[in-house]
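Inspection log for the structure reproduced underneath, given as structure tokens.
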Amino acid sequence: MEMILGFIVLLVCLIVGVRHGGLGLAVISGFGLVIYTFVFGYQPGKPPIDVMLIILAVVTCAGFLQTSGGLTVMLKYAEKFLRNNPRHVTILAPLTTWFLTVLCGTGHVVYTMFPIIYDIAIKQGIRPERPMAVSSVASQMGICASPVSVAVVSMVAFLSVSGHEFSVFQVLSVSIPATGLGVFFAALWSYRRGKDLEQDERFQEFIRDPENKKYVYGDTESLMDKELPTEYYRAMYIFFVGIIAIAVLGNFPELLPKFPPKPDAAPKAISMVVVIQMVMLLVGATILLACKVKAKDVGNSQVFRSGVVALVSVYGVAWMADTYFMNHMGFLKEFLGSAVQNYPWAYAVLAFLTSKLVNSQGAAIAIVVPMALNVGMDPILVLSFISACYGYFFLPTYPSDLACIGFDRSGTTRIGKYILNHSFMIPGLIGVSSGCCVGYLIAHLIF
């Protein structure tokens, strides 16, 4: 009975916290921690300090990238690519938003791409819902394929802390093809979704009004003709060198310095958790000195603010979850251990639902991955289903989905009458389910 009551406390804190955003989720977790400790008598768990430090280093570097203009250069290249291939925007746009997220570690880059995707689609007579909805889904699926995302660095850190040594390269060797192919399959389905614009009675009725037609077909601001300073390009190149350095060091551990973990012990290579922190801070410092960036402006960048919110959210929710699960680990090992052995897809479902509860892939990983590893789940299975950590499309409440609806001036991307029949549902389900299948196959072929 006590275990059930404790789980109810956990769920209530998650549900109430999400209503107040990432920071709200973090502080509401304080209620859970106090109730567990002072009412239930649970020994407090441990906040994931290593994970938090690596997230802090990554979001700081990403903030310098955006403030320096390096992110703007990437967006300009992405726009050029799409405008040179307008007829295939339904396939190429989601792959582009996925790739931008892979490079930058955050799905927030998609906001700038939405008006560009819409402009290309509407001028080609393509139903804007087709490329826009799947592009929103793709931008979030790319999070689990980025070497500098909160989700991936958290996964690597939790695997390392629990004694399962997986490098960044090994994690990405599964997550990149899994999420990339998931996006591709979702885009293929979207290619002919919905009615063509000339056959859509609702759309045709809307544009009969000349003002509405002008609104729907109006021009969108473009980066194509803008001359960007040299420092913008320099910042982008510095950032790319940092990503390459992390990939190389992660794949060739013999290049890492070695130190004895304790006196008289054999020297051991330093952890990639530490290496990523060092490289990200170095990249941020190099951008600061080489690209005329004002350090005080970094704190106001959208990427940095979003990253700090994610950091604090992981701090609170992971500490609360660890307190609950560690105090019931005996039962969980017996019950969940056998469940995931007999029904490994149960873990994927749990990760999916947790992601929807907390609206964050990083926070979902912070909750379910340590628990799964502690009950004895095969780390290869945990890695196989990394795509399942994106489930917050299920209800159309996430900012990128709402922004996508707002940027579609044609009104074809929308929330349905029954809420769940919204534009993002089927692309999201196709992307996540196919990503899990591909991830399972690849992980078991590689490891």
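The values are calculated or read from the model by the stated rules, or taken from the named source; none is laboratory data. Bear in mind that the values here come from a model prediction, so they are computed numbers and not experimental data. Don't worry about glycine lacking a Cβ; one is built from the backbone with ideal geometry, like all the others, and counts go over all protein chains shown. Surface accessibility is based on the protein's heavy atoms, side chains included, excluding ligands, DNA and RNA. Shrake-Rupley method; radii C 1.70, N 1.55, O 1.52, S 1.80 Å.
Taking the solvent-accessible surface of protein heavy atoms with a 1.4 Å probe, what is the per residue accessible area of the range 1-51 in Å²?
On a per-residue basis, the range 1-51 sits at 59 Å².
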What fraction of the Cα pairs in the range 399-447, stated in percent, has a spacing above 12 angstrom? 70
Which shape class, rounded, prolate or oblate, goes with the range 46-446 when its Cα gyration tensor gives a ≥ b ≥ c as root eigenvalues, a/c under 1.5 marks rounded, and past that a/b bigger than b/c marks prolate? oblate
Under a cut-off of 26 Å between alpha-carbon atoms, report the lysines in cross-link reach of residue 356, not counting same-chain residues fewer than 8 places apart. 46, 333, 417
Note down the relative contact order for the range 313-437 as a percent, whole number, built from C-alpha pairs under 8 angstrom at least six residues apart. 25
Report, in degrees rounded to the nearest 10, the 0 to 90 angle that the Cα long axis of helix 361-374 makes with the longest principal axis of the chain. 30
Quick one: what Rg and Dmax do you get for the range 79-179 from the alpha carbons, in Å? 15.6, 54
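Listed highest first by mean packing, meaning other Cβ atoms within 10 Å per residue, what order do 114-121, 378-385, 295-302, 27-34 come in?
114-121, 378-385, 27-34, 295-302
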Need one word for the range 1-101: rounded, prolate or oblate. Basis is the Cα gyration tensor (sqrt eigenvalues a ≥ b ≥ c); a/c below 1.5 gives rounded, then a/b vs b/c decides. prolate
From the phi angles alone, apply the Karplus equation (6.51, -1.76, 1.60; θ = phi - 60°) to the range 221-230 and give each ³J(HN,Hα) in whole Hz, x where the residue is Gly or Pro. 4, 10, 8, 4, 9, 8, 8, 9, x, 4
Would you give the gap between the C-alpha center of the range 23-39 and the C-alpha center of the range 56-93, rounded to a whole Å? 38
Going residue by residue through the range 89-99, the Karplus relation 6.51 cos²θ - 1.76 cosθ + 1.60 with θ = phi - 60° gives ³J(HN,Hα) values, rounded to whole Hz and with x marking Gly or Pro, of 5, 5, 8, 6, 4, x, 5, 5, 5, 4, 5
Per-residue HN-Hα couplings for the range 385-392 [Karplus 6.51, -1.76, 1.60; θ = phi - 60°; Hz; x = Gly/Pro]: 9, 4, 5, 5, 6, 10, x, 7
One finds the C-alpha centres of the range 151-184 and the range 287-309 to be spaced, in Å, by 26
Once a ≥ b ≥ c are taken as the square roots of the eigenvalues of the Cα gyration tensor of the range 306-447, is the result rounded (a/c under 1.5), prolate (a/b larger than b/c) or oblate (a/b not larger than b/c)? prolate
When the Kirkwood radius is taken over all Cα pairs of the range 151-265, what Stokes-Einstein diffusion coefficient follows at 4 °C and 1.567 mPa s, in µm²/s? 64
When the accessible area of the chain is computed with all protein chains present and a 1.4 Å probe, what percentage of it is carbon and sulfur? 66
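Applying a 10 Å radius around every beta-carbon, put 412-423, 124-135, 212-223 in order of their mean neighbour count, most first.
Peptide ranking by packing, descending: 124-135, 412-423, 212-223.
Quick one: of 80/226; 226/294; 123/214, which pairs are farther than 18 Å apart, Cα to Cα?
On the way: 80/226 12 Å; 226/294 22 Å; 123/214 12 Å.
Check vs 18 Å cut-off fails for 226/294.
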Size-normalised alpha-carbon gyration radius of the range 258-317, reference 2.2 N^0.38 Å: 1.61
Roughly how big is the chain's charge dipole about its Cα centre, with Cβ charges of +1 (Lys, Arg) and -1 (Asp, Glu), in debye to the nearest 20? 420
Can you tell me which of 77-84, 283-290, 356-363 comes out highest on packing, and rank the rest after it, using the mean Cβ neighbours within 10 Å? 356-363, 283-290, 77-84
